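Q: A single structure is presented below for examination.
The values are calculated or read from the model by the stated rules, or taken from the named source; none is laboratory data. Since this is a predicted model, take the numbers as computed values, not measurements. Counting neighbours? That spans all protein chains shown, and the Cβs are built from the backbone with ideal geometry, glycine included. Side chains are part of the model used for accessible areas, which takes the heavy atoms of the whole protein and leaves out ligands, DNA and RNA. Shrake-Rupley method; radii C 1.70, N 1.55, O 1.52, S 1.80 Å.
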Amino acid sequence: MAAIFIGNSKAYLSAEQTLALIEEVTTRGITKPFVFAPASEVLEQCVPHVQGTNIALALQNIAAPGISLEKIAACGVTIAIVGHSDRRAEGLSDEEIAAYMVAVLDNGLTPVLCVGESKEVREKNLAIDFVLSQTREDLKKVETDQYNRAILAYEPIWAISQDGKGIAATPDDVIPVLTALKKEYPHTKILYGGSVTPENISSFLEAGFDGVLVGKASTVIESLEGMLAKIS
Ligand code: PGA
């Protein structure tokens, strides 16, 4: 099973830069399938540009103005990121996330639920407990037989980069959390996110993650190409 690669351009790229990146993927002959989540206001504009390519589109932010899950599902968008730490930092609650999970599944999309602990929680050695309870809260409205329709992205908040500057977790940091999640959700794909680069991507795939969720490094064609080349 090929590893899943999701690029999340967050607010890094304008509409023009997003379309240029998509075009560059084709120009360079990159054919490995991957998912890309452009800024929500650019999403619909991207739809015709990815048709017939190896790129599938994802929704970054369900709560963005003008977003309707029904409409974007009808456009062919198949994935929605839910509960990203940026959204949680803006005040998105677990209760709202739990409702979004159901809405996304009901519209036939695949939710990618982002979970992860803060630096403080990690330093208190509570990462596993925190991530398991956050995940349970966010999945509490999803029927257990639907768990295989969702993807989990474990993104320790302290490892997420600021404009590409960040310190990724090491496999030793994250394997215990991955193991705990896998035990509880054996049929759910689990991704790693946080400062993934062409240099460290293989270490997370070798550690047992089913793929990666990548922010800044996915917005630069050279590093995007470098990471996709390491995915089998
Ligand atoms: P990063 O972002 O790869 O730039 O650390 C990851 C994310 O926010 O999902």
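Q: For Arg87, which of the numbered conditions (1) outside any loop (DSSP other than H, G, I, E, B); (2) away from the ligand (no atom under 16 Å from the Cβ) fails to hold?
A: With (1) outside any loop (DSSP other than H, G, I, E, B); (2) away from the ligand (no atom under 16 Å from the Cβ) applied to Arg87, the lone miss is (2).
Q: Here is a check on your reading of the model: is Pro156 in contact (Cβ under 8 Å) with a residue 40 or more places away in the chain, open to solvent by 20 Å² or more (accessible area, probe 1.4 Å), on the phi < 0 side of the Ramachandran plot and of a type outside the set (D, E, K, R)?
A: No: the conditions fail for Pro156.
Q: From the list Glu41, Glu23, Glu96, exactly one residue is under 26 Å from Thr144 (Cα atoms), charged (D, E, K, R) and not in a loop (DSSP other than H, G, I, E, B). Which is it?
A: Answer to the check: Glu96.
Q: Of the residues Leu113, Leu132, Leu126, which single one is open to solvent by 20 Å² or more (accessible area, probe 1.4 Å) and touching a Leu at 6+ places or on another chain (Cβ under 8 Å)?
A: Of Leu113, Leu132, Leu126, the one residue that is open to solvent by 20 Å² or more (accessible area, probe 1.4 Å) and touching a Leu at 6+ places or on another chain (Cβ under 8 Å) is Leu132.
Q: Quick one: how many residues across region 160-197 are surrounded by fewer than 14 Cβ atoms within 10 Å (Cβ to Cβ) and part of a loop (DSSP other than H, G, I, E, B)?
A: 5
Q: Here's something else I'd like to know. Restricting to region 43-71, what's the tally of residues that are at pLDDT below 95 and open to solvent by less than 10 Å² (accessible area, probe 1.4 Å)?
A: Residues in region 43-71 being at pLDDT below 95 and open to solvent by less than 10 Å² (accessible area, probe 1.4 Å): 0 in total.
Q: Out of contact with any Gly (no Cβ under 6 Å at 6 or more places or on another chain), more than 16 Å from the ligand (Cβ to nearest atom) and without any contact (Cβ under 8 Å) to a residue 60 or more places away in the chain: is that true of Pro48 in this structure?
A: Here the answer is yes, as Pro48 does meet what is asked.
Q: Ok, one more. So, of the residues in region 198-222 that are buried (at least 24 other Cβ atoms within 10 Å of the Cβ) and closer than 17 Å to Ile55 by Cα, which turns out to be farthest from the chain's Cα centre (by Cα)?
A: Ser218
Q: Any idea which of Val102, Val131, Val112, Val121 is in a helix (DSSP H, G or I) and within 17 Å of Ile190 (Cβ to Cβ)?
A: Val131
Q: Now a separate question. Give all pairs with beta carbons closer than 7 Å in which a residue from region 103-121 that is among the hydroxyl-bearing types (Ser, Thr, Tyr) meets a residue that is surrounded by 16 or more Cβ atoms within 10 Å (Cβ to Cβ); count only pairs at least 6 apart in sequence or on separate chains.
A: Final answer for the pair search is Thr110/Ile79; Thr110/Arg149; Thr110/Ala150; Thr110/Ile151; Ser118/Ile157; Ser118/Trp158.
Q: Looking at Lys10, Lys32, which one is touching a residue at least 12 places away in the same chain (Cβ under 8 Å), over 20 Å from Asp210 (Cα atoms) and part of a loop (DSSP other than H, G, I, E, B)?
A: Lys10
Q: Quick check: is even one residue across region 80-90 of a type outside the set (S, T, N, Q), within 15 Å of Ser218 (Cα to Cα), surrounded by 18 or more Cβ atoms within 10 Å (Cβ to Cβ) and in contact with a Leu (Cβ under 9 Å, 6 or more places away or on another chain)?
A: Among the residues of region 80-90, not one is of a type outside the set (S, T, N, Q), within 15 Å of Ser218 (Cα to Cα), surrounded by 18 or more Cβ atoms within 10 Å (Cβ to Cβ) and in contact with a Leu (Cβ under 9 Å, 6 or more places away or on another chain), which makes the answer no.
Q: What are the residue pairs meeting all of these: first residue in region 170-197, first residue charged (D, E, K, R), second residue not in a loop (DSSP other than H, G, I, E, B), Cβ atoms under 6 Å, and 6 or more apart or on different chains?
A: Taking only residues 6 or more apart or on different chains, the pairs are Lys189/Ile151.
Q: Select from region 135-153 the residues that are closer than 20 Å to Val212 by Cα and open to solvent by 70 Å² or more (accessible area, probe 1.4 Å) and write down the one among them that is nearest to the ligand (Cβ to nearest atom).
A: Taking the candidates together, the pick is Arg149.
Q: Could you grab the pairs with beta carbons closer than 8 Å, sequence gap of 6+ or different chains, first residue in region 210-232 and of a type in the set (Asp, Glu), second one within 12 Å of the ligand (Cβ to nearest atom) and at pLDDT 95 or above?
A: Asp210/Leu191
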